[in-house]
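J.: I am attaching a structure below and will ask some questions about it afterwards.
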Amino acid sequence: MIYLKSPSEIAKIRAASRIIGELLDALEGMIKPGISTWELDAFAESFIRERGGRPAFKGYQIPGLKPFPGTLCTSVNSGIVHGIPSREVILAEGDIIGIDVGVIKDAYYGDAARTYGVGTIHSEAARLMQATQKALEIGISAARIDARVGDISSAIGEWIHSCGYYAADDLTGHGVGRELHEEPQIPNTGRAGYGPRLKAGMTLAIEPMVNIGTNRVIEKGWEFFVADGSLSAHFEHTILITEAEAEILTKA
Ligand code: MG
């Protein structure tokens with residue numbers, strides 16, 4: 001079931017999403033060598049609660065794992081997604097860190113992610129981050145009314161391939177709004193012209209997860225890593241399908 005949201009529901013998704021955009025901007029100034037991912041997480045939780053939201057990932061449950069303990073997912077270097085914030089993970093010059101955050105406010109959800117460089121980063125890391133951000137932009141451009149989910153997937157996947165990179169296996173975007181994860185799944189590779197048709201009022205989280213060396217992933221509990229240890233980047237926005245261009249909701 002793919003939900004089309006009413007204007008009042010969209011207003012609530014927009015409010016939750018705006019907190020995320022503001023938070024991801026605020027984190028930009030904090031990400032420096034020497035800070036732990038736990039400190040970033042504590043800041044994020046206060047930031048969200050001060051604005052009337054609640055962290056959507058904290059306490060999230062999937063079978064076989066303890067509830068997710070963080071407000072943020074903090075995935076460093078070869079971490080792809082779902083990294084657990086920790087006092088023992090201290091950022092170092094040249095690292096890259098993907099930060100993914102969900103917020104629930106008035107019972108509605110937003111979800112977004114951004115990858116940040118720590119201090120001065122290697123040119124290869126910068127290129128990966130730029131390519132992944134561009135993959136998200138390309139996916140959003142393809143998310144037009146009456147297009148299909150496969151058009152988004154195909155556009156993202158072809159771009160990633162053209163850069164010589166790989167979309168991480170088994171990790172996809174998704175519908176979002178009434179729940180954190182709704183239908184449809186939005187893979188980062190696929191065939192144009194296939195899949196559900198996009199309609200005004202759909203709210204979608206598009207999230208390319210791009211690896212330098214391989215598509216293959218390794219799961220360690222919650223955390224996903226690139227199988228060959230190469231770098232991974234992740235950018236995500238919650239968007240609204242409209243009669244015109246998609247609107248990005250997770251902006252400050
Ligand atoms: Mg997501």
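The values are calculated or read from the model by the stated rules, or taken from the named source; none is laboratory data. It should be emphasised that the depicted structure is a prediction, and the values quoted were computed from it without experimental measurement. Because the Cβ atoms are built from the backbone with ideal geometry, glycine has one as well, and the counts that use them run over all protein chains shown. Please note that ligands, DNA and RNA were not included when accessible areas were found on the heavy atoms of the full protein model with its side chains. Shrake-Rupley method; radii C 1.70, N 1.55, O 1.52, S 1.80 Å.
J.: Within the bounds of the range 112-120, is there any residue that is in a strand (DSSP E or B), among the charged types (D, E, K, R), open to solvent by 30 Å² or more (accessible area, probe 1.4 Å) and touching a Gly at 6+ places or on another chain (Cβ under 8 Å)?
T.: So in the range 112-120, the residues in a strand (DSSP E or B) come out as 112-117.
Keeping just the survivors that are among the charged types (D, E, K, R) gives 114.
Next cut, open to solvent by 30 Å² or more (accessible area, probe 1.4 Å) only: 114.
So of that shortlist, the ones also touching a Gly at 6+ places or on another chain (Cβ under 8 Å) come out as 114.
Yes, because at least one residue in the range 112-120 is in a strand (DSSP E or B), among the charged types (D, E, K, R), open to solvent by 30 Å² or more (accessible area, probe 1.4 Å) and touching a Gly at 6+ places or on another chain (Cβ under 8 Å).
J.: Where the second residue is charged (D, E, K, R) and within 12 Å of the ligand (Cβ to nearest atom) and the first is at pLDDT 95 or above and lies in the range 107-123, which pairs have Cβ atoms under 7 Å and are six or more apart or on separate chains?
T.: So the pair list comes out as 109/179; 111/236; 112/236; 113/100; 113/207; 113/236.
J.: Quick check: is even one residue across the range 77-89 touching a helix residue (DSSP H, G or I) at 6+ places or on another chain (Cβ under 9 Å), of a type in the set (S, T, N, Q) and under 19 Å from residue 171 (Cα atoms)?
T.: yes
J.: For the range 180-193, does any single residue satisfy the condition of being under 24 Å from residue 58 (Cβ atoms) and of a type in the set (Gly, Ala, Ser)?
T.: No, every residue in the range 180-193 fails to be under 24 Å from residue 58 (Cβ atoms) and of a type in the set (Gly, Ala, Ser).
J.: Residues in the range 207-214: is at least one away from the ligand (no atom under 16 Å from the Cβ), out of contact with any strand residue (DSSP E or B) (no Cβ under 8 Å at 6 or more places or on another chain) and open to solvent by 10 Å² or more (accessible area, probe 1.4 Å)?
T.: Checked against the condition, which is being away from the ligand (no atom under 16 Å from the Cβ), out of contact with any strand residue (DSSP E or B) (no Cβ under 8 Å at 6 or more places or on another chain) and open to solvent by 10 Å² or more (accessible area, probe 1.4 Å), the range 207-214 yields no hits at all.
J.: For residue 104, all conditions in the list (1) buried (at least 23 other Cβ atoms within 10 Å of the Cβ); (2) within 23 Å of residue 50 (Cα to Cα); (3) β-branched (Val, Ile, Thr) hold save one; what is the number of the exception?
T.: Every condition holds for residue 104 apart from (1).
J.: Tell me which residues, restricted to the range 62-115, are of a type in the set (Lys, Arg) and either closer than 9 Å to residue 37 by Cβ or within 13 Å of the ligand (Cβ to nearest atom) (or both). Walk me through how you get there before you give the answer.
T.: Initially, the range 62-115 is screened for residues of a type in the set (Lys, Arg), giving 66, 87, 105, 114.
87, 114 - these are the residues of the range 62-115 that are of a type in the set (Lys, Arg) and either closer than 9 Å to residue 37 by Cβ or within 13 Å of the ligand (Cβ to nearest atom) (or both).
J.: Would you call residue 118 within 14 Å of the ligand (Cβ to nearest atom), of a type in the set (Val, Ile, Thr) and touching an Asp or Glu at 6+ places or on another chain (Cβ under 8 Å)?
T.: Values: within 14 Å of the ligand (Cβ to nearest atom): no; of a type in the set (Val, Ile, Thr): yes; touching an Asp or Glu at 6+ places or on another chain (Cβ under 8 Å): yes.
No, not satisfied.
J.: Another question, if that's okay. If you go through the range 159-195, how many residues are open to solvent by less than 60 Å² (accessible area, probe 1.4 Å), touching a residue at least 24 places away in the same chain (Cβ under 8 Å) and more than 15 Å from residue 139 (Cβ to Cβ)?
T.: Number of matching residues: 5.
J.: While we're here: Return yes or no: is residue 140 among the β-branched types (Val, Ile, Thr), open to solvent by 10 Å² or more (accessible area, probe 1.4 Å), in contact (Cβ under 8 Å) with a residue 24 or more places away in the chain and part of a loop (DSSP other than H, G, I, E, B)?
T.: Values: among the β-branched types (Val, Ile, Thr): yes; open to solvent by 10 Å² or more (accessible area, probe 1.4 Å): yes; in contact (Cβ under 8 Å) with a residue 24 or more places away in the chain: yes; part of a loop (DSSP other than H, G, I, E, B): no.
It is false that residue 140 is among the β-branched types (Val, Ile, Thr), open to solvent by 10 Å² or more (accessible area, probe 1.4 Å), in contact (Cβ under 8 Å) with a residue 24 or more places away in the chain and part of a loop (DSSP other than H, G, I, E, B).
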